[in-house]
Amino acid sequence: MLSYQDVVTIRLGFLTTAATEWDNMAGGFEDLEALYKGKVESVANDGTWVGVSAGAASSRFSDTRKQFADAQTEARAIASLLRDAYQQFSELIGHVKELVEQVRGDEMSVNSQGEAVYDFGKLTPMRHDEDYPKYVSQAKDAEAAWTKKIKDAVQAVDDADQGVKLALHEAAGVKSWFERLRDPLGLNHGFNGSAVGDIEVYEAREAKRYADQLLDGEKLDGEDLKEWQRLMRDNSDDKVFGQTYLDSLGPENTLKLANKIDDLAYFDDTKHKNAYLQINGGLSDSLATATQVPDFKGANGKHLRFGTQAYNEAFNAWTKTDDARFYNKWRQELREHGDDKYDLKAAGDKIAMAKGQDQQIRGYQSLATLMQQGRGYSPQFVADVTDDMIAMEKKDPDIWDLHGHFNGKDGDGWFANDPVDGTLEVMSRNPEGAAGYLDPGTAAGKERFDYLLGNGDGSRDWNVTNTTEWHGNVEVTTSDVEDTDSRKGLGDALTAAATGVDPSSQSGPQSLTSHTVANNRVFVHALDVLSGQGDDMPASLRDDMAKIMTSHGDKVYPVMSTIGANPDDALGGLDPKQVMEITKQVSRSEHSYGLLHEGMNYHMVNDFHNPDRAPEDTLNSAGHAVGFMEEARYNALKGDQHDYTWDKAWSYHASGALLNFIPGVGDIAQRGADVVTTAWIMDEQQHQADKLTSDSQQTYSTRQHQLNALARQWYTVNADWASDHPGYSYDQGIYDQIAAAANDGNDHADGFSGDQ
């Protein structure tokens with residue numbers, strides 16, 4: 001493997017020099033071919049030489065001239081490969097050097113092994129600080145993070161180097177050791193007339209060779225697995241590689257290959273599980289790359305958003321071009337094989353399998369499982385295959401039904417037994433795509449939304465598993481039920497569509513500044529549909545609705561915080577009764593309630609900093625919103641448990657992850673909200689310990705820590721104003737004000753969902 005020093009000291013100019021020489025060589029062979037044809041081959045073909053010897057000579061001369069032609073092809077292919085290599089190495093090595101500069105910008109150095117090194121002497125002045133261990137730990141973490149980035153970048157150069165070596169050997173017809181042993185004199189060696197000048201084509205052919213071995217039932221040794229991993233790791237984002245590789249396999253064999261790899265990873269050869277999963281991940285990435293749809297631009301040069309009429313027109317026009325050949329072919333063949341049955345031992349009912357009763361999965365279940373392992377799918381492809389799955393299940397609602405349970409990280413949760421939910425999870429990784437797919441402002445979007453969310457007749461049947469159970473050795477037929485992770489993909493897609501944020505992102509707070517029109521439409525329609533379901537709203541969507549309401553807090557918070565609002569009046573475009581009902585449903589789950597309450601804390605504190613609002617109004621609004629949520633909490637739990645608490649100890653931990661979903665929260669408001677959330681958790685812990693019955697308590701009694709923390713945060717912003725207004729003193733007045741507002745909010749909320 002190349003070392004860091006190899007990468008940063010290598011000189012690439014020799015590659016272009018060599019490429020020029022190979023082109024010159026091709027020109028020389030071209031001249032020789034012309035000379036040979038005119039001076040040698042013509043002797044056997046000009047009619048003066050006849051007979052058997054003339055025929056034999058003509059054949060030999062023709063073969064020799066073909067070698068001159070093949071030599072040109074080979075030389076030009078090698079020249080092209082060298083230039084391709086130069087381009088790849090320039091970009092990859094440039095990335096390594098850019099990382100080194102970034103490390104230096106982070107006040108570190110990089111040693112000769114490519115490791116980031118921090119000068120811990122800079123922390124010496126802080127050694128008596130109580131946070132000194134934290135500073136040291138942060139510096140070490142930064143070292144490790146930068147070192148890994150550099151290592152990965154060096155690995156990418158080495159991967160490319162191995163690919164170049166493979167391509168050059170194949171183009172030049174370099175034989176293996178075994179082939180050379182069988183032909184020691186090289187009598188069967190000639191120039192390669194079929195050589196091509198694209199590294200990725202050779203790598204795709206090599207990857208196909210490994211795939212064929214598995215499909216033929218052969219086993220791969222450790223070295224073959226490593227090389228296959230490298231091929232997929234190095235090329236999964238290359239369109240030439242992806243389309244060459246997948247074209248050679250075809251959709252049906254791709255599904256069979258994905259199943260075979262999953263069988264090896266989860267069932268037959270688990271000791272190499274990570275290798276197989278990386279290969280399948282690369283296969284999935286290749287499919288994503290191969291099916292990419294262009295980024296369409298309007299007449300003004302601006303990006304066309306997925307799902308809009310302008311986008312649809314551009315896409316429909318593109319499907320009629322040669323560039324769309326692969327896309328159209330694959331979608332059509334996936335339709336043909338989507339309901340076909342395939343073997344997958346790893347996803348079988350283990351008890352049934354022990355009795356020799358194997359079950360088979362459907363093609364679309366294989367596809368969804370494969371897609372979930374990849375990244376970078378275009379919204380159009382995900383939408384198309386999801387629509388195709390829905391069209392198929394509408395004809396046969398039981399088409400995805402299987403024996404067994406398919407949920408949990410340690411079980412069979414990796415398998416997308418519900419392929420529609422599986423592709424919805426993939427869709428959620430591109431929020432624009434999710435919004436375009438579920439946008440109720442379009443006829444297609446509303447039809448999908450209502451079908452998936454359960455609005456009206458013809459809603460989706462989410463019971464897709466457990467058609468039988470085993471009691472010992474007895475198979476008992478039962479009705480279909482939902483998996484425990486049912487609607488996981490739908491919840492993610494709904495969250496992405498309504499907020500504009502990928503709910504699976506691990507990159508920390510995202511730069512969300514505002515919602516699109518489509519985001520707003522999805523939110524309002526979700527509020528309408530799910531509130532209408534009341535206690536039948538799926539429990540699996542509670543967390544998602546908490547995040548969505550937090551994200552749209554600019555509309556939700558005014559409803560929660562407006563004292564004396566008529567329950568029949570829409571505030572900011574929202575129906576207060578719907579807001580109360582969703583708040584109630586969210587509050588039926590401890591974690592969901594925690595998410596929503598933490599999210600509203602950010603909006604309360606952010607409102608304190610709003611210069612367009614009267615200070616006394618922002619304090620009263622915060623208290624009123626707390627009372628509103630406490631009323632919703634009470635109504636949520638009064639029918640579930642007599643003490644109006646959850647059935648387990650309070651375990652919610654403030655995470656700050658909700659900041660991803662809130663547009664425009666400043667650092668000051670964030671820090672203030674963190675303080676309030678900590679105080680609120682103290683109230684919850686006390687609430688659990690005392691088993692307080694909420695119907696005999698005023699809001700202030702159960703929310704005292706939170707309300708007092710809010711009052712103090714308000715005072716830090718409005719101290720000057722408070723000093724000129726009696727009744728808002730720091731020692732008592734602000735606490736009395738917010739307490740009264742909270743109790744009023746609780747009382748007024750009974751107009752939305754019943755008297756506490």
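Counting just the residues of the range 466-520 that are surrounded by 19 or more Cβ atoms within 10 Å (Cβ to Cβ) and modelled with pLDDT under 75, which one comes out farthest from residue 379 (Cα to Cα)? Top of the filtered list is 466. Residues that are open to solvent by 10 Å² or more (accessible area, probe 1.4 Å) and in a helix (DSSP H, G or I) were ranked within the range 537-556; the one that is nearest to residue 598 (Cα to Cα) is 547.
The residue list 429, 448 contains one member that is closer than 30 Å to residue 524 by Cα, modelled with pLDDT of 90 or more, open to solvent by 30 Å² or more (accessible area, probe 1.4 Å) and part of a helix (DSSP H, G or I), which is 448. When residues in the range 600-619 are screened for being more than 16 Å from residue 709 (Cβ to Cβ) and part of a helix (DSSP H, G or I), 3 of them pass. Among the residues of the range 322-345, those that are in contact (Cβ under 8 Å) with a residue 24 or more places away in the chain and over 25 Å from residue 360 (Cβ atoms) comprise 323, 326, 327. Of the set (1) of a type in the set (Phe, Trp, Tyr); (2) part of a helix (DSSP H, G or I); (3) crowded, with 19+ Cβ neighbours inside 10 Å, all apply to residue 267 but (3).
The sole residue among 105, 94 that is open to solvent by less than 40 Å² (accessible area, probe 1.4 Å), free of Cβ contacts under 8 Å to residues at least 40 places away in the same chain and within 30 Å of residue 142 (Cα to Cα) is 94.
Regarding the range 423-435, can at least one residue be identified that is without any contact (Cβ under 8 Å) to a residue 60 or more places away in the chain and in contact with a helix residue (DSSP H, G or I) (Cβ under 7 Å, 6 or more places away or on another chain)? Scanning the range 423-435, I find no residue that is without any contact (Cβ under 8 Å) to a residue 60 or more places away in the chain and in contact with a helix residue (DSSP H, G or I) (Cβ under 7 Å, 6 or more places away or on another chain), so the answer is no. A Cβ distance below 8 Å, combined with a sequence gap of six or more or placement on separate chains, defines the contacts here; from the range 23-36, residues that are within 16 Å of residue 172 (Cα to Cα) and assigned to a helix (DSSP H, G or I) reach residues that are open to solvent by 90 Å² or more (accessible area, probe 1.4 Å) and not β-branched (Val, Ile, Thr) in the pairs 23/76; 26/76.
Taken together, 275, 258, 310 contain a single residue that is in a helix (DSSP H, G or I), more than 19 Å from residue 374 (Cβ to Cβ) and in contact (Cβ under 8 Å) with a residue 12 or more places away in the chain, which is 310. Of the residues making up the range 357-383, those that are part of a helix (DSSP H, G or I) and open to solvent by 10 Å² or more (accessible area, probe 1.4 Å) are 372, 379, 380. In contact with a helix residue (DSSP H, G or I) (Cβ under 7 Å, 6 or more places away or on another chain), open to solvent by 20 Å² or more (accessible area, probe 1.4 Å) and modelled with pLDDT under 85: is that true of residue 405 in this structure? Against the criterion (in contact with a helix residue (DSSP H, G or I) (Cβ under 7 Å, 6 or more places away or on another chain), open to solvent by 20 Å² or more (accessible area, probe 1.4 Å) and modelled with pLDDT under 85), residue 405 qualifies.
Only one entry of 34, 69, 75 meets the criterion of being over 27 Å from residue 156 (Cβ atoms), among the aliphatic types (A, V, I, L, M) and at pLDDT 95 or above, and that entry is 75. Consider the range 603-633 and keep the residues that are free of Cβ contacts under 8 Å to residues at least 60 places away in the same chain and farther than 16 Å from residue 733 by Cα. The one that is most open to solvent (accessible area, probe 1.4 Å) is 612.
The values are calculated or read from the model by the stated rules, or taken from the named source; none is laboratory data. Being a predicted model, the structure only gives us computed values, none of them experimental. Ideal geometry is used to build each Cβ from the backbone, glycine not excepted, and the neighbour counts take in all protein chains shown. SASA here: full protein model, heavy atoms, side chains in, ligands and nucleic acids out. Shrake-Rupley method; radii C 1.70, N 1.55, O 1.52, S 1.80 Å.
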